[in-house]
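A.B. asks: Structure provided below as structure tokens; questions to follow.
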Amino acid sequence: MSLNILIVDDSAVVRAMILKTLKMAGIPLGDVQQASDGCEGLDALENHWIDLVFADINMPVMNGEEMIDRIREQPEWEELPIIVVSTEGSATRIERLQRKGASFVHKPFTPESVQEVIKKITGVSHEQTA
Amino acid sequence: MNRQLEEILWGVAEETFEALAFLLPMPEPVEPFESSPEVAVSVRFHGPFDGKVIVTVAELVLGELACNMLGLDDGAEIAVDTQQDALKELANVVCGNILPEIAGTTAVFNVDAPKLVDASAPASEEGLSLASETRFFLDSGPVSVELLTEGPIDVEVPVTAGAN
């Protein structure tokens, strides 16, 4: 099974790094959409079938937490897997995001740490592609 | 306190450069490097203490940094803006990891977007003073990571912090 993913981050470099890491981790990728803020992220979700969202927190226009809130308001996206990729170090903020159903990958991340979280929340791993 | 802070800065910088850019920071240069102008990025933060982290690299380091972070071949042409964005992201990760090492994971900080700054501008103009710094070398040139704060850091630095 390949995953259609959406990467939401205001830095094009970070979006490229996440994509590079997913390829290095051997995650089977389908359609890849990118957005530079929460609003664009919601637009992408409206227009494309997405299996997994990677989201930053600090973004202009609409931040990642607000985007997650909007996503969870929609019944069809209630269970959509979301991975927050951030340097956030506050346990309180991380727990708040987790209560909204988001998983967390801490920066700097490795292909292994990303692979582990993806396997945990989607069941899709590198091994299944072999 | 200063020694602990320096160890935290060094530990976080070493881990970040290695994990994000596959570059190994070294305390001394392995080979002589060409001198080049410096590029600096600062990340402002607000929380239990306020301040900023400044990462300064030789201009020659930028290309190598961006190439590795983006997984491109050596010598690939990368736009200057993209090279600077790579340094901004690196500084963002360094800052984001230094703060909980100093103040613990219960502390909440708000971190501004990283900005390019004049590498030669004195930070004291903003009422900040140098709390600690670490300097090291990559193959292509020197790097410094500075922590500047408004007044003293009024938190207890964990004894084990920076020991990674």
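We did not get these values from a lab; they are worked out from the coordinates using the rules stated. Because the structure is predicted, anything quoted here is derived from the model rather than measured. Please note: Cβ atoms are built from the backbone with ideal geometry, for glycine as well, and neighbour counts cover all protein chains shown.
A.B. asks: Identify the residue in the stretch A:100-119 that is without any contact (Cβ under 8 Å) to a residue 12 or more places away in the chain and surrounded by fewer than 20 Cβ atoms within 10 Å (Cβ to Cβ) and, among all such residues, is farthest from the other protein chains (Cβ to nearest Cβ).
C.D. replies: Top of the filtered list is A:Lys119.
A.B. asks: Filter the stretch B:58-117 down to residues that are under 21 Å from B:Ser140 (Cα atoms) and among the hydroxyl-bearing types (Ser, Thr, Tyr), then give me how many there are.
C.D. replies: Matching residues across the stretch B:58-117 total 1.
A.B. asks: For the stretch B:17-130, give me every one of the strands (runs of 3 or more DSSP E) that falls completely inside it and has 2 or more residues that are surrounded by fewer than 17 Cβ atoms within 10 Å (Cβ to Cβ).
C.D. replies: Working: elements: B:38-46, B:51-58, B:115-117.
Here the list reads B:115-117.
A.B. asks: Can you confirm whether B:Pro114 is touching a Lys or Arg at 6+ places or on another chain (Cβ under 6 Å), within 19 Å of B:Thr16 (Cβ to Cβ) and not polar (S, T, N, Q)?
C.D. replies: Against the criterion (touching a Lys or Arg at 6+ places or on another chain (Cβ under 6 Å), within 19 Å of B:Thr16 (Cβ to Cβ) and not polar (S, T, N, Q)), B:Pro114 qualifies.
A.B. asks: Then there is this: Quick check, is B:Asp74 among the charged types (D, E, K, R) and more than 14 Å from chain A (Cβ to nearest Cβ)? First the steps, then the outcome.
C.D. replies: Values: among the charged types (D, E, K, R): yes; more than 14 Å from chain A (Cβ to nearest Cβ): yes.
So B:Asp74 passes the test.
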